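Chemist: This structure is in structure tokens; I'll ask about it shortly.
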Amino acid sequence: MFKIGSIEAAPGASLTGTLAVAFGMDGREITIPIAVVNGREPGPVLLVEGGLHGIEIVTIDICRRLLQEHLDPAAVKGTIILAPQLNPWAFHASTRVTPHDFQDMNRVFPGADGGTLSHKVARVITQELLDRADYVIDCHSCNPPSIHFTIVGEDGDPDVRETSIRMARAFGYPILNAGTAHKGTLRGYCVSRGKPSITPEFVFSRRLDETSIRTGVVGILNVLKSLKMLPGEVEATTMDVFFEDIMDYTTLSARKGGICSFTAACGEPVVKGDTLAILRDIWGTEMERILAPESGILLAYPLQANQAAATGDKIAYLAFKAAPH
Ligand SMILES: [Zn+2]
């Protein structure tokens, strides 16, 4: 019997339910939706989660399709947990961060008992979901223009990194090493606890993009096959794969600010010094150019709000040849 939240799944059962994570200002319990596919045969636990950022909703449709159309518990070895909406406050407000305390929930892991709402919810997610998983697929998305890619951690045990890379290769998107700048990420915590983990970045926040859903479903089934939790061979995804080698990436931010013109194409090679974006004021006066600090491949223009930036806002992700790891 696999028990989690309101679910008690016998071997061979596939069930939906809820997990209580906090209480609201009206005293009501706040829950997140979860599903469990408990294989008839015992084996490892794989968690698919998303929605830490409330505008990244595509994981909801990916998990629904996996549950309703693809995952037969009779064929599964081990247990799959699906948790596509980890931050219900941000989802209801259609915001990236938790509106109640303005925290980015993907910067507060493993959470803290003494913190604000986001820290406390992260603590529950850590104890109830992450600490029970052997493998984690941590789903995020980026607004277009962007390519699809998967991030793996650089730190932690070499065996964990190797298995994470194997999962990412099976998933099918181009692979990037995580920058070390982001402390408190869910994936970083999982890797530090010896759990191989990957972060696929789908395209489109706020929308249910069919390409992301289709390739996300195939990618997750591929990871399950590569871990022998499902029978069968890894299927090729029908994505454009823009690079085969694992690359590093860097975030380029605005020093000044302005309305942002994109001057390069995502997925295309750029040369050191190429202009990637131009920021202008309201009447068109150029404020600054965002230049490629080295040669590489442009991944995305990850502007999170309007196509405009203030000082410090992210403008572009640039992939470049990885340093030896
Ligand atoms: Zn995200």
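Chemist: Yes or no: the range 63-71 includes at least one residue that is among the hydrophobic types (A, V, I, L, M, F, W, C) and within 16 Å of the ligand (Cβ to nearest atom).
Modeler: To start, the set of residues in the range 63-71 that are among the hydrophobic types (A, V, I, L, M, F, W, C) comprises 63, 66-67, 71.
Now restrict to residues that are within 16 Å of the ligand (Cβ to nearest atom): 63.
Yes: the range 63-71 contains one or more residues that are among the hydrophobic types (A, V, I, L, M, F, W, C) and within 16 Å of the ligand (Cβ to nearest atom).
Chemist: Condition check: closer than 17 Å to residue 57 by Cα and free of Cβ contacts under 8 Å to residues at least 60 places away in the same chain. Does residue 210 satisfy that? Talk me through it step by step, then tell me what you get.
Modeler: Numbers: closer than 17 Å to residue 57 by Cα: yes; free of Cβ contacts under 8 Å to residues at least 60 places away in the same chain: yes.
When the stated conditions are applied, residue 210 passes them.
Chemist: Regarding the range 284-298, can at least one residue be identified that is more than 21 Å from residue 177 (Cα to Cα), assigned to a loop (DSSP other than H, G, I, E, B) and of a type in the set (A, V, I, L, M)?
Modeler: Taking the range 284-298 first, the residues more than 21 Å from residue 177 (Cα to Cα) are 284-291.
This time we only want the ones that are assigned to a loop (DSSP other than H, G, I, E, B), so: 284-285.
After this cut, where a residue has to be of a type in the set (A, V, I, L, M) as well, the list is none.
No; the residues of the range 284-298 include none that is more than 21 Å from residue 177 (Cα to Cα), assigned to a loop (DSSP other than H, G, I, E, B) and of a type in the set (A, V, I, L, M).
Chemist: If you don't mind, another one. When the residues of the range 45-56 are filtered to those that are touching a Leu at 6+ places or on another chain (Cβ under 7 Å) and either more than 14 Å from the ligand (Cβ to nearest atom) or in a loop (DSSP other than H, G, I, E, B) (or both), which remaining residue is farthest from residue 100 (Cα to Cα)?
Modeler: 46
Chemist: From (1) among the hydroxyl-bearing types (Ser, Thr, Tyr); (2) farther than 19 Å from residue 298 by Cα; (3) within 16 Å of the ligand (Cβ to nearest atom); (4) assigned to a loop (DSSP other than H, G, I, E, B), pick out the condition that doesn't hold for residue 189.
Modeler: (4)
Chemist: Could you pull out every one of the strands (runs of 3 or more DSSP E) wholly within the range 120-185 that has 3 or more residues that are in contact with a Pro (Cβ under 9 Å, 6 or more places away or on another chain)? Outline the logic, then answer.
Modeler: Working: elements: 135-142, 149-152, 175-177.
Of the strands (runs of 3 or more DSSP E) lying wholly inside the range 120-185, those with at least 3 residues that are in contact with a Pro (Cβ under 9 Å, 6 or more places away or on another chain) span 135-142, 149-152.
Chemist: Cβ-Cβ under 8 Å, sequence separation 6+ or interchain: first residue in the range 104-128 and assigned by TED's automatic domain parsing to the domain that holds residue 190 and over 13 Å from residue 184 (Cα atoms), partner modelled with pLDDT under 95 and surrounded by fewer than 24 Cβ atoms within 10 Å (Cβ to Cβ). Which pairs?
Modeler: Taking only residues 6 or more apart or on different chains, the pairs are 120/112; 120/113.
Chemist: On the given criteria, is residue 156 in contact with a helix residue (DSSP H, G or I) (Cβ under 6 Å, 6 or more places away or on another chain), in contact (Cβ under 8 Å) with a residue 24 or more places away in the chain and at positive phi? Walk me through how you get there before you give the answer.
Modeler: Numbers: in contact with a helix residue (DSSP H, G or I) (Cβ under 6 Å, 6 or more places away or on another chain): yes; in contact (Cβ under 8 Å) with a residue 24 or more places away in the chain: yes; at positive phi: yes.
In short, yes.
Chemist: Is it the case, given these coordinates, that residue 273 is outside the structural domain of residue 198 (by TED's automatic domain parsing), in a loop (DSSP other than H, G, I, E, B) and in contact with a helix residue (DSSP H, G or I) (Cβ under 6 Å, 6 or more places away or on another chain)? Spell out how you get there, then give the answer.
Modeler: Values: outside the structural domain of residue 198 (by TED's automatic domain parsing): yes; in a loop (DSSP other than H, G, I, E, B): yes; in contact with a helix residue (DSSP H, G or I) (Cβ under 6 Å, 6 or more places away or on another chain): no.
It is false that residue 273 is outside the structural domain of residue 198 (by TED's automatic domain parsing), in a loop (DSSP other than H, G, I, E, B) and in contact with a helix residue (DSSP H, G or I) (Cβ under 6 Å, 6 or more places away or on another chain).
Chemist: Can I ask one more? In the range 180-190, how many residues are under 16 Å from residue 201 (Cα atoms) and over 14 Å from the mean Cα position of the chain (by Cα)?
Modeler: Of the range 180-190, the ones under 16 Å from residue 201 (Cα atoms) are 182, 185-188.
Adding the requirement that they be over 14 Å from the mean Cα position of the chain (by Cα) leaves none.
Going through the range 180-190 one residue at a time, the tally reaches 0.
Chemist: Taking the range 98-119 as the search range and keeping residues that are aliphatic (A, V, I, L, M) and in a loop (DSSP other than H, G, I, E, B), which one is farthest from residue 182 (Cα to Cα)?
Modeler: Taking the range 98-119 and keeping what is aliphatic (A, V, I, L, M), we get 105, 108, 112, 117.
From what's left, in a loop (DSSP other than H, G, I, E, B): 108, 112.
Working: 108: 10, 112: 17 Å.
Checking each candidate, the answer is 112.
Chemist: What are the residues in the range 251-260 that are of a type outside the set (Val, Ile, Thr) and either assigned to a loop (DSSP other than H, G, I, E, B) or surrounded by 15 or more Cβ atoms within 10 Å (Cβ to Cβ) (or both), if any? Walk me through how you get there before you give the answer.
Modeler: Here is the first cut: in the range 251-260, the ones of a type outside the set (Val, Ile, Thr) are 252-258, 260.
Selection gives 252, 254, 255, 256, 257, 258, 260.
Chemist: In the range 3-44, what residues are among the acidic types (Asp, Glu) and closer than 26 Å to residue 100 by Cβ? Show your work before the answer.
Modeler: Within the range 3-44, the subset among the acidic types (Asp, Glu) is 8, 26, 29, 41.
Within the range 3-44, 26, 29 qualify.
Chemist: Filter the range 134-155 down to residues that are in contact with a strand residue (DSSP E or B) (Cβ under 7 Å, 6 or more places away or on another chain) and within 11 Å of the ligand (Cβ to nearest atom) and give me whichever is nearest to residue 243 (Cα to Cα).
Modeler: Step by step, filter the range 134-155, then rank; the result is 151.
Chemist: Still on this structure, I have one more. Somewhere in the range 179-195, is a residue more than 23 Å from residue 125 (Cα to Cα), assigned by TED's automatic domain parsing to the domain that holds residue 122 and not basic (Lys, Arg)? Full working, then the answer.
Modeler: Initially, the range 179-195 is screened for residues more than 23 Å from residue 125 (Cα to Cα), giving 179.
Still in the running and assigned by TED's automatic domain parsing to the domain that holds residue 122: 179.
Subset that is not basic (Lys, Arg): 179.
So far as the range 179-195 goes, yes, one or more of its residues are more than 23 Å from residue 125 (Cα to Cα), assigned by TED's automatic domain parsing to the domain that holds residue 122 and not basic (Lys, Arg).
The values are calculated or read from the model by the stated rules, or taken from the named source; none is laboratory data. Here the structure is a predicted model, which is why all the values come from computation and not from measurement. All Cβ positions, even for glycine, are placed from backbone atoms using ideal geometry, and neighbour counts span all protein chains on display.
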